[in-house]
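Taken together, the values in this text are just the output of simple stated rules run on the coordinates, not laboratory data. The model shown is predicted, which means the values in this text are computed figures rather than measured ones. With ideal geometry, Cβ positions are generated from the backbone for all residues, glycine too; neighbour counts draw on all protein chains shown.
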Ligand code: RIB
Ligand code: CA
């Protein structure tokens, strides 16, 4: 069976780095084929997300994987960077190499999305762990993208009344570019209105991802299991994330949304989901960036989302992180 083609669109980003390492491990194990990494401006600027992706791929010992520069910011409003969350360069306390032999693919991230989907029609598993800015641009280039992508998994939003992490009702990836996230919702709504067989995107919001907690103890175990440069830099990056979470009252720990979501994307059968329809509020004074679920069908629109509400893994998110951990350790 050919390995599943996987595209990651990320904004490294400390937990994005764990997702990159996990996906490289899955690629090297032959379980997936990581066809590309698209970098999008997120907590830090595009130049840093690209540089970080290159450095993390080097540290993970990745084979040559296309890396593309995507959107440099939100599609409709000035981009708000948040260096306090992932550090001034997006890698926390990690010290990443600034030289690499890897080249940045000359295609922009949006074009790479389109090319990858066309190259693997009905097969591509796409994972977004940052803002949807590049994906929104790709949808402008290729409106048929939803019909080409086999499965889209998004780390974004918050559901079931779970509070936001950026405003009372918004999650950061969506909050920084709600217009882009809403464009994704509309694109898949239209596609599924035309073809109900298409898979609705899997939205993994804070209601679930905040349960994926990386602790200092797990970092110690990682260093004990693999004293590699990758392990040393990942744990240095995570130490900053521990300090950030502690500073906002979450405790000295790290909610590692992105590797958890990457695992969910590769194990869809293990995800507890509810079909739904969502739109993203883009103008509310108090609700901008809110993912608004239509749980009772008031809108009468085709479902455009599967909301992740749990995992069918005994041990829950902690057990999922054990698998991510084992994959990273395998990258000695
Ligand atoms: O809200 C969590 C998301 O914002 C994660 O993807 C994290 O990396 C940050 O980008
Ligand atoms: Ca991210």
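For every residue, the table says whether it meets (1) away from ligand 2 (no atom under 16 Å from the Cβ); (2) closer than 28 Å to residue 72 by Cβ; (3) in contact (Cβ under 8 Å) with a residue 40 or more places away in the chain; (4) part of a loop (DSSP other than H, G, I, E, B).
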site	(1), (2), (3), (4)
173	no, yes, yes, no
185	yes, yes, yes, no
189	yes, yes, yes, no
192	yes, no, yes, no
196	yes, no, yes, yes
199	yes, no, yes, yes
208	no, no, yes, no
220	yes, no, no, no
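Test residue 117 against the criterion of being touching a strand residue (DSSP E or B) at 6+ places or on another chain (Cβ under 6 Å), part of a helix (DSSP H, G or I) and away from ligand 1 (no atom under 14 Å from the Cβ), and give yes or no.
yes
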* Residues in region 42-70 that are part of a loop (DSSP other than H, G, I, E, B) and either touching a strand residue (DSSP E or B) at 6+ places or on another chain (Cβ under 9 Å) or without any contact (Cβ under 8 Å) to a residue 24 or more places away in the chain (or both): how many? -> 6
* Quick one: how many residues across region 294-321 are farther than 23 Å from residue 147 by Cβ and within 20 Å of the chain's Cα centre (by Cα)? -> 9
* To do: Name the residue, out of 122, 130, 157, 164, that is within 16 Å of ligand 2 (Cβ to nearest atom), under 21 Å from residue 34 (Cβ atoms) and outside any strand (DSSP E or B).
  => 130
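Examine region 224-234 for a residue that is assigned to a loop (DSSP other than H, G, I, E, B), touching a residue at least 24 places away in the same chain (Cβ under 8 Å) and over 18 Å from residue 206 (Cβ atoms), and state whether such a residue exists.
Checking region 224-234: at least one residue is assigned to a loop (DSSP other than H, G, I, E, B), touching a residue at least 24 places away in the same chain (Cβ under 8 Å) and over 18 Å from residue 206 (Cβ atoms).
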* Among the numbered conditions (1) more than 14 Å from ligand 1 (Cβ to nearest atom); (2) crowded, with 17+ Cβ neighbours inside 10 Å; (3) under 27 Å from residue 250 (Cβ atoms), tell me where residue 95 comes up short. => (2)
